[in-house]
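Below is one structure, written out as structure tokens; comments come after it.
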Amino acid sequence: MAAIHNNQTIPPTHFCFFSNYFQALAKTPQRLRRRVLATWTPDQELNQMRLRSGADMKRKLTWYDLIALGLGGMLGVGVFVTTGPVARDRSGPAVLVSYVIAGITALFSSLCYTEFSIQIPVAGGAFSYLRVTFGEFVGYIAGANILMEYVLSNAAVARSFTEYLCTAFGLEDPNAWRLEVDGLFKGYNMLDFPAVALIVLLTLCLCRSTKESSMLNIIMTIFHVVLFGFVIVSGICYGNTENLIQPDGLAPNGVKGVIDGAAIVYFSYIGYDSVSTMAEEIKNPSKSLPLGIVGSVLIVSLIYSLMALSLCMMIPYNKISHSASFSVAFQNIGWKWASNVVGAGASLGIVASLLVAMLGQARYLCVIGRARLVPSWFAKVHPKTGTPQNATIFLGFCQASIALFTELSIVIEIISIGTLLVFYLVANALIYHRYAINTNNPPIYTIVFLLILSSASIGFSISWNFTHLQKWGLPLFGACVIAATAIFQYLMPLGGGRDRPEHEWQVPFMPWPAAASIFLNVFLMATLKKLSYERFGVWTCLITLVYMLYGVHSTYQAEEILTEGDDNGGLRVHCPNSNGEQPKVDSQVP
């Protein structure tokens with residue numbers, strides 16, 4: 001008798017899973033104890049998990065593809081969707097400063113993403129990084145929030161496409177191409193069929209080829225950057241600096257208005273994280289990913305700030321339109337032709353943003369499917385195109401449905417809180433990975449530091465929102481953040497890391513960049529409205545219920561159920577440990 005070992009997992013059959021489902025529900029507490037903290041190693045994520053998709057994704061992307069994808073994913077969303085409402089209602093002309101603050105926060109977060117993406121170059125992005133660090137449940141919560149963020153933001157951006165397309169054709173009413181239905185609630189009663197058509201076309205394009213989609217994005221991004229240059233030069237050269245201080249000063253709602261605006265315009269930076277989800281399709285991940293992620297964030301931050309300055313110089317902040325802000329601004333200064341050009345260019349930029357975001361979201365769902373937290377059907381990669389077609393089509397349908405009904409203002413803030421939470425978790429994971437997993441330091445010290453850092457950040461944020469606490473709360477909790485980080489850096493040794501080549505890129509000056517990311521993400525989350533937390537709470541309860549009713553049982557079935565073979569041969573699946581070690585399959589042959 002000979003034993004043949006391989007590392008492939010026996011996939012659970014749907015018949016077996018559903019026939020024993022009600023018995024499994026009774027065992028939910030025991031399975032939660034085994035699976036909630038179950039982790040995989042980076043090597044298992046890179047190799048064994050990828051086998052569950054069948055075919056591999058094709059490695060065709062280079063560093064300049066990544067920068068273009070980062071630019072395409074971010075440019076257009078923030079400037080054309082959030083700048084006008086934030087400038088008018090919150091920050092005033094100081095929306096420029098709001099973008100700077102949000103850009104600094106995104107830069108620190110992007111550094112954390114970059115190190116993880118080099119070490120674990122898989123399509124799962126934050127889901128994979130958190131799953132190998134904090135376990136299955138935290139990774140699942142992050143992955144579900146990322147998918148919610150992508151679906152809602154893509155639906156919102158698709159509706160903005162319709163508004164700018166109207167201005168490109170010289171129509172003053174941004175709702176001209178929408179169909180109003182009297183029987184529906186306000187905010188859900190303007191049906192947007194052009195937005196749905198756009199999502200359907202992009203979904204078909206993405207199902208065909210990643211490289212062709214990337215080339216299309218490069219072409220659109222080049223035209224988009226040229227358009228941005230035109231808007232920036234026109235606004236600064238022909239605008240009026242008095243509009244920056246009239247009628248109510250640079251920051252009419254004070255510093256608080258600027259910070260509140262920063263939390264909302266952070267929506268503009270959704271997109272750079274999608275670059276990390278392309279890791280399985282990059283020719284040289286260790287060199288291309290730092291250039292693609294960090295480079296695109298720096299370039300976009302500069303462009304956003306200049307665009308915001310241009311808008312506020314063209315027109316007083318209290319006259320900025322909530323819809324199609326830049327096109328309306330050119331109309332107000334008498335440049336009707338420029339308004340049409342900006343409308344057309346903005347529409348093109350929004351298409352590029354949607355293209356990249358839809359690329360990233362499908363890969364997130366594909367990897368979550370590999371983990372069996374959603375049906376494995378979503379994990380399949382088409383053998384000819386090398387794309388996750390099932391995930392792409394399903395998510396395209398979801399966001400087309402939302403884009404058909406839902407107004408932009410309803411979804412913006414819930415998008416921001418989901419994004420900030422995931423970036424906060426990734427920064428925590430990087431510190432824990434560096435100081436507890438990759439070294440011989442006791443994990444408890446890192447956990448205590450992270451708890452102190454988060455608690456002090458929350459205390460600072462609460463003090464900021466209550467005037468009577470600011471006098472003593474801000475300096476006290478701010479000093480705690482700085483002191484805790486300095487003491488931790490002094491006391492905790494940081495080597496090169498186990499099983500990690502010395503030449504690989506790492507975040508410098510640790511733990512300061514990751515600690516700053518934690519602090520800033522907590523601070524920006526605290527500025528959002530109560531309604532954002534209520535909607536986020538409902539979503540979190542819903543996805544937790546799905547995990548308890550489906551996810552934990554599906555992953556338990558895939559990873560831990562022991563199937564005994566008979567005496568004459570067969571298959572034996574060995575139960576892995578609670579750390580999620582990949583089971584081996586023993587095939588006995590005569």
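The values are calculated or read from the model by the stated rules, or taken from the named source; none is laboratory data. As the structure is a computational prediction, the values presented were derived from the model and not from experiment. Here the Cβ positions follow ideal geometry from the backbone for every residue, glycine too, while neighbour counts run over all protein chains shown. We work out accessible area using only protein heavy atoms, side chains counted, and drop any ligands, DNA or RNA first. Shrake-Rupley method; radii C 1.70, N 1.55, O 1.52, S 1.80 Å.
A compact table of results
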read-out	value
When residues of segment 48-67 are limited to those that are part of a helix (DSSP H, G or I) and open to solvent by 10 Å² or more (accessible area, probe 1.4 Å), the one modelled with the highest pLDDT	Ile67
Residue tally, condition open to solvent by less than 70 Å² (accessible area, probe 1.4 Å) and among the basic types (Lys, Arg), over segment 510-561	0
Selection from segment 230-249 of residues that are open to solvent by 30 Å² or more (accessible area, probe 1.4 Å) and under 28 Å from Gly345 (Cβ atoms)	Phe230, Val233, Ile236, Cys237, Tyr238, Asn240, Thr241, Glu242, Leu244
Identity of the residue in segment 223-239, under 16 Å from Ile333 (Cα atoms) and touching a helix residue (DSSP H, G or I) at 6+ places or on another chain (Cβ under 6 Å), that ends up modelled with the highest pLDDT	Ile232
Options Ser587, Ser578, Ser554: the member that is within 23 Å of Glu136 (Cα to Cα), of a type outside the set (D, E, K, R) and at pLDDT below 65	Ser578
Thr210 surrounded by 17 or more Cβ atoms within 10 Å (Cβ to Cβ), modelled with pLDDT of 75 or more, within 27 Å of Ser401 (Cβ to Cβ) and polar (S, T, N, Q)	no
Among (1) over 29 Å from Pro194 (Cα atoms); (2) under 18 Å from the mean Cα position of the chain (by Cα) - the single one Trp377 does not satisfy	(2)
Residue count, segment 321-353 (criterion: under 16 Å from Asn243 (Cα atoms) and open to solvent by 40 Å² or more (accessible area, probe 1.4 Å))	2
Some residue of segment 101-117 being open to solvent by less than 10 Å² (accessible area, probe 1.4 Å), farther than 15 Å from Tyr272 by Cα and either free of Cβ contacts under 8 Å to residues at least 24 places away in the same chain or not aromatic (Phe, Trp, Tyr) (or both)	no
Index of the failed condition, Leu152 passing every other in (1) at pLDDT 75 or above; (2) in a loop (DSSP other than H, G, I, E, B)	(2)
Among residues of segment 272-318, those that are open to solvent by less than 20 Å² (accessible area, probe 1.4 Å), under 30 Å from Asp248 (Cβ atoms) and part of a helix (DSSP H, G or I), counted	10
All helices (runs of 4 or more DSSP H) inside segment 347-465 with 3 or more residues being farther than 24 Å from Tyr272 by Cβ and among the small types (Gly, Ala, Ser)	443-465
Any pair with Cβ under 8 angstrom, 6 or more apart, that starts in segment 412-439 at a residue that is under 21 Å from Val265 (Cβ atoms) and modelled with pLDDT under 85 and ends at one that is open to solvent by less than 20 Å² (accessible area, probe 1.4 Å) and among the aromatic types (Phe, Trp, Tyr)	Ile412/Phe267; Ile415/Phe267; Ser416/Tyr266; Ser416/Phe267; Thr419/Tyr266; Thr419/Phe267; Thr419/Tyr269; Leu420/Tyr266
Residues (within 27 Å of Leu61 (Cα to Cα) and either more than 15 Å from the chain's Cα centre (by Cα) or surrounded by fewer than 24 Cβ atoms within 10 Å (Cβ to Cβ) (or both)) located in segment 123-144	Arg131, Val132
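For (1) over 25 Å from Val196 (Cβ atoms); (2) out of contact with any Pro (no Cβ under 7 Å at 6 or more places or on another chain); (3) without any contact (Cβ under 8 Å) to a residue 24 or more places away in the chain, each residue gets a yes or a no:
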{"site": "Leu309", "(1), (2), (3)": "yes, yes, no"}
{"site": "Gly334", "(1), (2), (3)": "yes, yes, yes"}
{"site": "Ala357", "(1), (2), (3)": "no, yes, no"}
{"site": "Gly396", "(1), (2), (3)": "no, yes, no"}
{"site": "Ala403", "(1), (2), (3)": "no, yes, no"}
